[in-house]
Amino acid sequence: MVLGGISLYGQENVNRKIEALMGKMTLEEKIGQLTLFTSGWDQTGPTLHDGYKEDVKSGRCGNLFNAHTAAYNRELQRIAIEETRLGIPLLFGYDVIHGYKTIFPIPLAEACSWDMALAEKSAHLAAKEAAAGGLHWTFNPMVDIARDPRWGRIAEGTGEDTWLGSQIAVAKVKGYQGNDLSDPTTLLACVKHFAAYGAPQAGRDYHTVDMSERVLREVYLPPYKAAIDAGVGTVMTSFNELDGVPATGNDFLMEQILRKEWGFEGFVVTDYTSINEMVPHGFSKDEKQAGEQALNAGVDMDMQGAVYQSHLAQLVKENKVKITDIDQAVFRILKMKYALGLFDDPYRYSNEEREKNTLFSKEMMDHAREAGRKSIVLLKNESIEGRPLLPLAKSIQKIALIGPLADNQEDLLGTWHAAGDASKVVTLKQALTDALPNATITYSQGCSTETDNRDGFGPAMDAAKAADVVIMAIGENYRQSGEAASRSELGLPGAQQALLEAIYQTGKPVIVVLMAGRPLTISWMHDHVPAIVNTWHLGTMAGPAIADVLTGAYNPSGKLVITFPRNVGQIPIYYNMKNTGRPFDAKNKYTSKYLDVDNTPLYPFGYGLSYTRFKYSNLKLSKSTIGFNEDLKVTITISNDGEYTGEETAQLYIRDLVGSVTRPVKELKAFQKVVLQPGESKTISFYLRSDDLRFYTRSMEYKAEAGDFKVFVGGDSADVLEADFELK
Ligand code: NOJ
């Protein structure tokens, strides 16, 4: 890819300039370029490093994060340019995860749109806003596959599926970086957390990861690889160990896979103090040794740990690290600064006029609303008195709006909301009041998301009793998912379950608007409440996006990218499991099942309702046998049998029936979105090739094996039509 008008990897002219600059640098200044400190503005980890400005001045710190706004970063940049010996520009990074100031849906939510253009646009707009706020670099996309919703960071990724996660990784890299990194409306992206951070034991953040190399390569690595193939400039290591070796000291991951096999030529940054953490991991005897191991394993930049700053020079003297390896890391980082155009104009991202015109612009707010409504997943919508409860009937006059998230601003922003401004969030109460001027909306908080206090139950029940319908906005607050927010129980936190049951007892029809950063265990809700709208955390325009769905201004189209378990004991539960030697058989005790819960999830991967009804028919394959490199055409007809125009996401899965190693019962391989008017039918086609059927065989070759396959097409991973073919 072209970064900054220069080809990133190998433009002679730029290489010569960098070499000339490096010729003037002392070892200490070189190590400064390998050092990244947080500013005092924000803290996204356990430590703060005092005196970062002094370090910038002395050339001992060449990069900062958690510093933003055009004016503040201009001043810091001025120090680097005017007050350091060589005037090398600073690189400014920040966790722009789902928006900078205008916040879009959390990544898990947005993935439920299955809309790659939307995902790319969110990244592009986030970059445009952040770059106007003085930033150069985002620590995103986070592409960790996660199958355990106890892990709070599941909110930050794209769910359980490797193939879908890889498509989204590409969309995000394109959206952030654009075609030219020197364009001051783009950001340098950083794919993270390398690798397999999304599989901590028991879902506890930072915990041990241990898996076979086959699972690593097949399930966890492809999204990182997809981001690298799409040209991502940087990679962040992860906190976890893998097979006994912390990722930050893992030469198998960084040298063998990332650089040798995948040809990555950008730079690798650690996660926050993860070099230092190799000491408590029990991999390094002290920080000095940790620094040696990190550099030798392929880490270029030390985030926040100050280990390189404190120990690298001495390690060079002792011949424990090679100066040529340090030079290579410096080269990679300076090259990125060139690509960003910082050597031409170090202040190009600090333009206050542009900042003023970009933040919270109409373009941002409109997109936040559009992305919000496309992320919503309708889980249940039963009929009451002969009519589905949603969309709200025009005849409804009195609505009781209940719950701690109904008139809440900050929690709707969700985890990692960067510099998101809670005061700009349009709440559900506000949005419903605007959307339904003729209805009376009585709001009652009822309880909080954290405590067991039930003092608010009485007024909430009074409001419910006086209403035609109750809308309950309940779920998790923004601190209950994200980093360091693992949970062992996945029910509604605080007194919300009790509140829900009390309101249900009033006998009024209840619609739950469920806001959370992960799938919650909502079996009781599913069994009792007629309508459930899963909205996740949708960001700045959450209220209007939800109101659009409740009123029917938008017909919900989201499909789950993560399985909803019936209870915590089923975890991990995901659609592409293996069959086992004793697959479930209700009549046979000695088969793979639980005594106390079904094997099936509450809602499967790919699931999501619409206000209309889609019917699948006529699944046809062009051939019953295909050769290697031959196309198989799969066609299916989808009809809209309901009363509303709607958008459906048709999903195609395969199963390889017999392999040299066992294969999952289903694997997503394609999807297509279709918009259908009431009564309309469309026949759509998918093309499968033998390349789509590849996996890591017994001998760890990545290839397809001849044999029998099933192909499934449907509206979710459980409700499908199926056909057979053979690869010969
Ligand atoms: C720790 C998190 O794991 C990482 O995702 C984030 O980018 C850094 N802190 C910086 O805030």
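Consider Leu164 carefully, then state whether it is of a type in the set (A, V, I, L, M) and either within 20 Å of Ala126 (Cβ to Cβ) or out of contact with any strand residue (DSSP E or B) (no Cβ under 8 Å at 6 or more places or on another chain) (or both).
Details: of a type in the set (A, V, I, L, M): yes; either within 20 Å of Ala126 (Cβ to Cβ) or out of contact with any strand residue (DSSP E or B) (no Cβ under 8 Å at 6 or more places or on another chain) (or both): no.
No: the conditions fail for Leu164.
Listed here are the residues, each with its yes/no results for (1) closer than 20 Å to Thr138 by Cβ; (2) acidic (Asp, Glu); (3) surrounded by fewer than 18 Cβ atoms within 10 Å (Cβ to Cβ); (4) modelled with pLDDT under 95.
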residue: Leu3; (1), (2), (3), (4): yes, no, no, yes
residue: Tyr9; (1), (2), (3), (4): no, no, yes, yes
residue: Arg16; (1), (2), (3), (4): no, no, yes, yes
residue: Gly32; (1), (2), (3), (4): no, no, no, no
Picked from the stretch 310-338 (must be among the hydrophobic types (A, V, I, L, M, F, W, C) and out of contact with any Asp or Glu (no Cβ under 9 Å at 6 or more places or on another chain)), the residue most open to solvent (accessible area, probe 1.4 Å) is Ile323
The residue that is nearest to Gly482 (Cα to Cα), considering only those in the stretch 193-204 that are open to solvent by 20 Å² or more (accessible area, probe 1.4 Å) and within 16 Å of the ligand (Cβ to nearest atom), is Arg204
Only one of (1) within 16 Å of the ligand (Cβ to nearest atom); (2) part of a loop (DSSP other than H, G, I, E, B); (3) under 28 Å from Pro556 (Cα atoms) does not apply to Ala123, and that is (2)
Query raised in the report: Does the stretch 352-369 contain any residue that is in contact with a Cys (Cβ under 7 Å, 6 or more places away or on another chain), under 30 Å from Gly159 (Cα atoms) and surrounded by 17 or more Cβ atoms within 10 Å (Cβ to Cβ)?
Result: no
The residue from Lys260, Lys285 that alone is surrounded by fewer than 21 Cβ atoms within 10 Å (Cβ to Cβ) and closer than 15 Å to Phe194 by Cβ is Lys260
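Collect the residues in the stretch 24-67 that are more than 19 Å from Val316 (Cβ to Cβ), hydrophobic (A, V, I, L, M, F, W, C) and more than 16 Å from the ligand (Cβ to nearest atom), keeping them in residue-number order. Break it down stepwise before answering.
We begin by selecting, within the stretch 24-67, every residue more than 19 Å from Val316 (Cβ to Cβ); these are 36-57, 63-67.
Add one more test, that the residue is hydrophobic (A, V, I, L, M, F, W, C), and what stays is 36-37, 41, 48, 56, 64-65, 67.
Val56 - this is the single residue of the stretch 24-67 that is more than 19 Å from Val316 (Cβ to Cβ), hydrophobic (A, V, I, L, M, F, W, C) and more than 16 Å from the ligand (Cβ to nearest atom).
Filter the stretch 96-120 for residues that are away from the ligand (no atom under 16 Å from the Cβ), outside any helix (DSSP H, G or I) and either among the aromatic types (Phe, Trp, Tyr) or in contact with a Phe, Trp or Tyr (Cβ under 8 Å, 6 or more places away or on another chain) (or both) and give the result.
Listed by number, the residues that qualify are Lys101, Thr102, Phe104, Pro105, Cys112, Trp114.
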**OP:** Return a yes/no flag: does the stretch 205-226 have any residue that is farther than 26 Å from Ala485 by Cβ, among the aliphatic types (A, V, I, L, M) and away from the ligand (no atom under 16 Å from the Cβ).
**Re:** yes
(1) in contact (Cβ under 8 Å) with a residue 60 or more places away in the chain; (2) under 23 Å from Glu160 (Cα atoms); (3) in contact with a helix residue (DSSP H, G or I) (Cβ under 8 Å, 6 or more places away or on another chain) all hold for Ile626 apart from (2)
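Would you please name the residue that is surrounded by the most Cβ atoms within 10 Å (Cβ to Cβ), looking only at residues in the stretch 70-95 that are hydrophobic (A, V, I, L, M, F, W, C) and outside any loop (DSSP other than H, G, I, E, B)?
Filtering first and then ranking leaves Phe92.
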Within the stretch 152-164, the count of residues that are away from the ligand (no atom under 12 Å from the Cβ) and assigned to a loop (DSSP other than H, G, I, E, B) comes to 4
Exercise. Does the stretch 261-282 contain at least one residue that is more than 16 Å from the ligand (Cβ to nearest atom), part of a helix (DSSP H, G or I), at pLDDT 95 or above and charged (D, E, K, R)?
Worked result: yes
(1) more than 30 Å from Tyr554 (Cβ to Cβ); (2) within 30 Å of the chain's Cα centre (by Cα); (3) not basic (Lys, Arg) all hold for Asp325 apart from (2)
Note: among Pro604, Pro565, Pro572, just one is surrounded by 14 or more Cβ atoms within 10 Å (Cβ to Cβ), under 22 Å from Pro105 (Cα atoms) and modelled with pLDDT of 95 or more, namely Pro604
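Give the residues of the stretch 173-192 that are closer than 12 Å to Leu125 by Cβ and within 16 Å of the ligand (Cβ to nearest atom), sorted by residue number. I'd like the intermediate steps shown before the answer.
Of the stretch 173-192, the ones closer than 12 Å to Leu125 by Cβ are 175-176, 178, 185-187.
Across the stretch 173-192, the qualifying residues are Tyr176, Leu187.
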Of the residues in the stretch 227-241, those that are within 11 Å of the ligand (Cβ to nearest atom) and aliphatic (A, V, I, L, M) number 1
Those residues of the stretch 468-513 that are open to solvent by 30 Å² or more (accessible area, probe 1.4 Å), over 26 Å from Gly203 (Cβ atoms) and part of a helix (DSSP H, G or I) come to a total of 3
Condition set in contact (Cβ under 8 Å) with a residue 60 or more places away in the chain and of a type in the set (Ser, Thr, Tyr), scope the stretch 32-46, selection farthest from Asp300 (Cα to Cα): answer is Thr44
Per the filter on the stretch 384-424, residues β-branched (Val, Ile, Thr) and within 27 Å of Arg454 (Cβ to Cβ) are Ile399, Ile402
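For the stretch 370-399, name all the residues that are under 15 Å from Leu432 (Cβ atoms), among the basic types (Lys, Arg) and either outside any helix (DSSP H, G or I) or open to solvent by 60 Å² or more (accessible area, probe 1.4 Å) (or both). Outline the logic, then answer.
Taking the stretch 370-399 as the starting set, the residues that turn out to be under 15 Å from Leu432 (Cβ atoms) are 372-373, 376, 390-394, 396-399.
Next, only the ones that are among the basic types (Lys, Arg) stay: 373, 394, 398.
Matches in the stretch 370-399: Lys394, Lys398.
Among what's in the stretch 622-635 and is assigned to a strand (DSSP E or B) and open to solvent by 40 Å² or more (accessible area, probe 1.4 Å), pick the residue that is nearest to Asn555 (Cα to Cα). Talk me through it step by step, then tell me what you get.
In the first step, residues of the stretch 622-635 are kept if they are assigned to a strand (DSSP E or B); the result is 625-626, 632-635.
After this cut, where a residue has to be open to solvent by 40 Å² or more (accessible area, probe 1.4 Å) as well, the list is 625, 633.
Numbers: Thr625: 40, Lys633: 30 Å.
Within the stretch 622-635, the match that is nearest to Asn555 (Cα to Cα) is Lys633.
Residue by residue, here is whether (1) more than 24 Å from the chain's Cα centre (by Cα); (2) open to solvent by 20 Å² or more (accessible area, probe 1.4 Å) holds:
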| position | (1), (2) |
| --- | --- |
| Tyr653 | no, no |
| Leu668 | no, no |
| Leu693 | yes, no |
| Tyr702 | yes, yes |
| Glu705 | yes, yes |
Review point. For the stretch 45-65, does any single residue satisfy the condition of being closer than 29 Å to Ile154 by Cβ, among the small types (Gly, Ala, Ser) and surrounded by 22 or more Cβ atoms within 10 Å (Cβ to Cβ)?
Key: no
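The values are calculated or read from the model by the stated rules, or taken from the named source; none is laboratory data. What you see is a predicted model; the values in this text were computed from it and never measured. Reconstructed Cβ throughout: ideal geometry from the backbone, glycine too, with neighbour counts over all protein chains shown. We work out accessible area using only protein heavy atoms, side chains counted, and drop any ligands, DNA or RNA first. Shrake-Rupley method; radii C 1.70, N 1.55, O 1.52, S 1.80 Å.
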